[in-house]
Each structure stands twice: as structure tokens, then as C-alpha cells.
Amino acid sequence: MTSATIPGLDPDNAPTRHAELLAWVAEIAELTQPDRVEWSDGSDEEWTRLTDHLVAAGTIVKLNEEKKPNSYLATSDPADVARVESRTYICSKNEIDAGPTNNWVDPTEMRATMTELYRGCMRGRTMYVIPFCMGPLGADDPKLGVEITDSEYVVLSMRIMTRVGPQVVELLGEDRFFVKALHSLGAPLADGEADVPWPCNTTKYITHFPEDREIWSFGSGYGGNALLGKKCYSLRIASAMAHDEGWLAEHMLILKLISPEEKAYYFAAAFPSACGKTNLAMIQPTIPGWRAETLGDDIAWMRFGDDGRLYAVNPEFGFFGVAPGTNWSSNPNAMKTVEAGNTMYTNVARTDDGDIWWEGLEGEHDHLIDWQGNDWTPESGTPAAHPNSRYCTPMSQCPIMAPEWDDPQGVPISGILFGGRRKTTVPLVTEARSWQHGVFMGATVGSEQTAAAEGTVGTIRRDPMAMLPFLGYNVGDYLQHWIDLGKNADESKLPKVFYVNWFRRGDDKRFLWPGFGENSRVLKWIVERIEGTADGVETPIGIVATPEALDLDGLDASPADVAESLAVNLDEWRGEIPSIEEWFEFVGEKLPTGIADEFAALKQRLS
Ligand code: PEP
Ligand code: NA
Ligand code: MN
């Protein structure tokens, strides 16, 4: 078919006069050969039509309207359940600009390979064009994108996760810049061929062309691989944009803490996967008089304001959270968000009365339909929900959203927290001596490998600023960018940097610190450090809280455990040196001098 004969492709049908966009849509339609082209408008009518379509196709089921209003459960192909880091590429022109943490292929070669994969790949399907905006629509420089996809699940999920609709088309105008984000399931249908519930391809590519600000994704329908506004745009491409333009695109939650005196403090915090980022983002403080609100659970874009302070906005519009372990005690605010309805669940289990369940959720069930569609009983011996099962839900439904969450100005950040999951060595909370020391802390963030992944259990995977899977350029340049931003700023207005560890264990493997809402006690100490009113002790690794300086009133933990959670064990820290050394050798020639200096100073203090 030529453009003249693909229904819906005629530019007169398009809601825009943006010439470059129209030309790109025509080019992709001619390459991929869909049965028809449709422009997504994010309307309720579109939601109803596409959910009806996917229910008929067997991709999603409608949940019990009384229990989970306007909500659906999607179950994926068992081989398409997570981000595929081994198939994720940063195709910069020069290999050094992607390295050493990313997969790289020459962009010309990658475009040739993927063009052949895309040829005819939408046959038998509808090609959707989704104009979207990351961050508030009212921003001075709104960050626009257009995703082309042949997945209805993607259209529905992008409506939850990003800002879509006619206002975005208006912002695009006739010539405004947008990120081209091309996605295909890679599952064309021959004439009359029956579809499967979750089409995808065994060959997968999640490819980024950072210099061109383009994303090409093929073969997967799963969240992080297919909802291209999220990790692909807002972290990998945006980090490259931020490097060029002097701002930061980070894998961070944004939290607002309000003191009993009604003073608000904003924090951004980076933790690798499975370290409780969403729980901290929605914390319920246990200390009297303190409240928390949230602005985001996964991504923060930060830039300096005219007043010299660092301001953060969350580019997203929804939460794409891990379901297992979420419950009314670990995260009541996430539960209330999804209970409000309008939620797309993926790979959780279904109850006999059309509700959902996952491991860790309250309630016991004698019978469920598991994430693969099989009958499940407590005797089955397999998880009912996939460990990476998800809820995709509108942020606006979260009961503790800060009123300013959609403000294009963003919020001024007082503190940046880094952390990982560490059984030993790393104290509950340590303040950096300076911005550069804080960047060093972020550069060395590590988390223990669990039994679930390849590698020796207990081995520390270094994950700088929790950005390892999400960096769009060279990690050495990235760390230098962090240092430079601090150098060029007014140091007195920079956020203070803290390194936290909620996961330190005692000799019998018990957690030394209770975590969850009790982490508000650590946040209170951080606020008091910012105000200059709390004590800390100078140690070789930074300024560590003392038990006396922490508000421990009513805490259900032994004083000995709290003291141990804060201990700086110099032998453990000396033991840490070789693994940091190895990581910095891997970073290689672009390791900033400032980071090497901080490392040398640490070694000196420990000797
Ligand atoms: C994702 O896999 O789509 C995702 C959001 O990843 P993570 O939760 O690991 O950040
Ligand atoms: Na994931
Ligand atoms: Mn994340």
C-alpha cells in the first residue's frame, strides 16, 4: 500500500499541520504498512473503544466495577515481563559517548538493522500516533514527544503515564521540536491470521539515538520497553539533553516534608530497583506533627532557578509501580491511588469475584487465576502474581499529592538522598561534606545482588545515582556534569547531599532499623542539619547522625540496634575500597578528577 491508500494517513485527517511530524508519520506508515493510521486524542471515547477492543482480543479483562472501577488486568506473554537491559542500546555516533555502561552499536548500522525489522511490521494492525508532553503543559519549554505504536495497551498506558490530548497538539504547533519515539510489537498479521492476546517478538531492541533525540523500540509490549515517555525519553534521552543544556534528568522520587511549624522541605532521592523508592515517596511519618506529600516516585528533572536554587519537576503523569509487597501497611497511599479506579494492572493475579491480588497484599484466597491464566491455590508453590507485576495509575488520584505537583516552576530541593540496599558498612544516614563529596557518594552507590539475579549473592552492583540502566551517555561525563553544576552554583543554595541505608542488618540478619514510616525520623534529622540545629559526628566517610541527635521517641527498636545502624566500622570501609577501585577502573579514562580526588581523600582518612 502507498500512503494514498492507507486509511487515516491522509494529512487532511491529521489534527496537526506540523510538517515534520506529518512527514515522519507518512514515512513510518509506508515502512511498517499498517492497515490504518489513527491519531490518539486521549479522550474518554478512545479509552472506552480501545479497552473494549482489547477485552475482545483477550489482552485485558475488565475488573469488578464495584471493587475496581474502570480498571483492567492485562496479562503478558511470559517472555515479555520486564525491561530488557541486554537489548537496550545507546547508539551515539562515537562508542566512547555511550560507554562503558551501555550497549552500543554504530547508529548507521543499527538504523539499517532495525529498518529491516520495521519493514511491514504493522501489517494487519492499526498504527497509532500519540502526541505527548513530559512535565507540565504550562512549562516555558514544554518537553514534547510523539510516540508511534501498534499497541492499544501502549495507547491506554501512555494516557495514564503522560500528558496527552489536543493541548499537546496545540503546543506542537507547526514546527516545535519533539522527540520521535517509534514503537512496534513486531508482530504483523497475515491476511485472516488470528491474533494472540499479547503479541510481541522474540527479537527485541530498545534503542536510543541520543544526538538525534530519537527512540526506536521493537519487539516488546512491556512498560519500560514500550511506554517510551518514561525511561527512554525522561531518563536516557533527557539525560543527554540535560548534559547539553545544563540541567539534570534523574531516577529520583520527589518528596515534600512538612514540619510541625508548617515549613515545607522538598527532597529528591535516588535508589536502585527494589529499595523502596515508591514507599518513601508516599511515606506516612510516624513522628507527631510531621506530614509528607508526594510529587513523584520515579523521575525528577532538576534545573537551577533565577534565585540560584535547584528546582525539580516530575515529568510523569502516573505511577507505574511494582505491585507485589504493596499493601495497606507498607504503602496505604499507593493502595488508595489504585482503589480510586482508572488503573491498568499487568501480570497480577485475579480473584474469583473479579478483583486483583498479589503476593504481600492483604487477604487470603483459596483460588485465584494466576498471571499466566492458570488456576492457582496456596498449594501451587508458584507466585500468583509475577514478581515484576505492575499497577499503572493516575498520579492525580494519590491522596497525598502535593498541590504544587503540576506547577511548571517545580519545587526547590533542599536535600538530595542517595541510597542502596546494604547489609553492612553503610550507616543509616551520612551527610556529605560538600557538593563534590556528595557526587562521590552518588557515584559509589551500590546495592547487594539478590539470589534472583545472575552473579554472586552479596556482591555489590555499583549503580551511580541509581542511573546505571538509564544513562543516555558516558558515565564519566555524567559524573563530571554533576560536579560542574555544583561548581557553577552558589554553594550556600545547593541542596545538601545525604547517603542513607535502611537495610543494615545485625549478626542474626535482623534489620537494625525498622524502616517505612520510621524513616521520617531520619528525614527530620536531615531537616535539622539543613537548618543547622542537629548534631552529627565527623567521620572518615562524612557526617553521621548520633543516636542522641535522632528523634527516637516511641520508636520500637533497641537502642543498641539503632547505635549499630549508625556505626562507622573502619575495617568494613577499608574492605569497601577494592570494590570502589574496580568500579572506577571500569568507568575508565573519563572518571572525573574530582571523583578521583574524593576517593584518594577517603583512602587517606581510612589509613
Ligand atoms: C519499568 O520496568 O518499566 C520500570 C518502571 O522500571 P523500574 O521500576 O525498575 O524503575
Ligand atoms: Na523493571
Ligand atoms: Mn524506576
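For residues that are open to solvent by less than 30 Å² (accessible area, probe 1.4 Å), in contact with a helix residue (DSSP H, G or I) (Cβ under 7 Å, 6 or more places away or on another chain) and not aliphatic (A, V, I, L, M), scanning just the range 548-587, find the one that is nearest to Asp477 (Cα to Cα).
Phe584
So the check is Cβ under 7 Å with 6+ separation or different chains; which pairs have a first residue in the range 318-341 that's open to solvent by 40 Å² or more (accessible area, probe 1.4 Å) and a second one that's polar (S, T, N, Q)?
Val322/Asn388; Ala340/Gln397
Take the residues of the range 191-225 that are more than 16 Å from ligand 2 (Cβ to nearest atom) and among the polar types (S, T, N, Q): which is most open to solvent (accessible area, probe 1.4 Å)?
Thr202
Ala534 is checked against (1) part of a loop (DSSP other than H, G, I, E, B); (2) closer than 30 Å to Lys256 by Cβ; (3) open to solvent by 20 Å² or more (accessible area, probe 1.4 Å) and fails just one. What number does that condition carry?
(3)
Scan the range 289-308 residue by residue and report those that are touching a residue at least 60 places away in the same chain (Cβ under 8 Å), in a loop (DSSP other than H, G, I, E, B) and more than 16 Å from ligand 1 (Cβ to nearest atom).
Trp290, Gly305, Asp307, Gly308 - these are the residues of the range 289-308 that are touching a residue at least 60 places away in the same chain (Cβ under 8 Å), in a loop (DSSP other than H, G, I, E, B) and more than 16 Å from ligand 1 (Cβ to nearest atom).
Residue-wise test of (1) under 26 Å from the mean Cα position of the chain (by Cα); (2) over 17 Å from Ala292 (Cβ atoms).
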site	(1), (2)
Ser492	no, yes
Tyr499	yes, yes
Asp508	no, yes
Asn519	yes, no
Trp525	no, no
Glu528	no, no
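Farther than 18 Å from Ala98 by Cβ, within 16 Å of ligand 1 (Cβ to nearest atom) and not charged (D, E, K, R), is that true of Leu255?
No; evaluated as a whole, the condition is false for this residue.
Go through the range 61-101 and give me each residue that's farther than 22 Å from Tyr205 by Cβ and in a loop (DSSP other than H, G, I, E, B).
Across the range 61-101, the qualifying residues are Leu63, Asn64, Glu65, Glu66, Lys67, Lys68, Pro69, Asn70, Ser71, Thr75.
When Gln480 is evaluated against the numbered criteria (1) assigned to a loop (DSSP other than H, G, I, E, B); (2) modelled with pLDDT of 95 or more; (3) away from ligand 3 (no atom under 16 Å from the Cβ); (4) farther than 26 Å from Thr546 by Cα, which criterion, by number, is the only one it fails?
(1)
Which residues, counting only those in the range 488-524, are open to solvent by less than 80 Å² (accessible area, probe 1.4 Å) and at positive phi?
If the condition is that a residue be open to solvent by less than 80 Å² (accessible area, probe 1.4 Å) and at positive phi, then Gly515 is the only one that fits.
Give the range 342-367 a look and list any residue that's open to solvent by 20 Å² or more (accessible area, probe 1.4 Å) and assigned to a strand (DSSP E or B), or say none.
Matches in the range 342-367: Arg350, Trp357.
Only one of these conditions is not met by Val544: (1) within 26 Å of Asn519 (Cβ to Cβ); (2) assigned to a helix (DSSP H, G or I). Which number is it?
Condition (2) is where Val544 drops out.
Would a scan of the range 113-131 turn up a residue that is under 22 Å from the mean Cα position of the chain (by Cα) and within 24 Å of Ala29 (Cα to Cα)?
yes
Considering only residues of the range 250-279 that are in a helix (DSSP H, G or I) and in contact with a helix residue (DSSP H, G or I) (Cβ under 7 Å, 6 or more places away or on another chain), which is farthest from ligand 2 (Cβ to nearest atom)?
Per the stated criteria, the residue is Asn279.
The values are calculated or read from the model by the stated rules, or taken from the named source; none is laboratory data. Everything numeric here is computed off the predicted structure, so don't read it as measured data. Glycine gets a Cβ as well: all are built from the backbone with ideal geometry, and neighbour counts include every protein chain shown. To get the accessible areas, we keep the full protein, side chains included, count just its heavy atoms, and leave off ligands, DNA and RNA. Shrake-Rupley method; radii C 1.70, N 1.55, O 1.52, S 1.80 Å.
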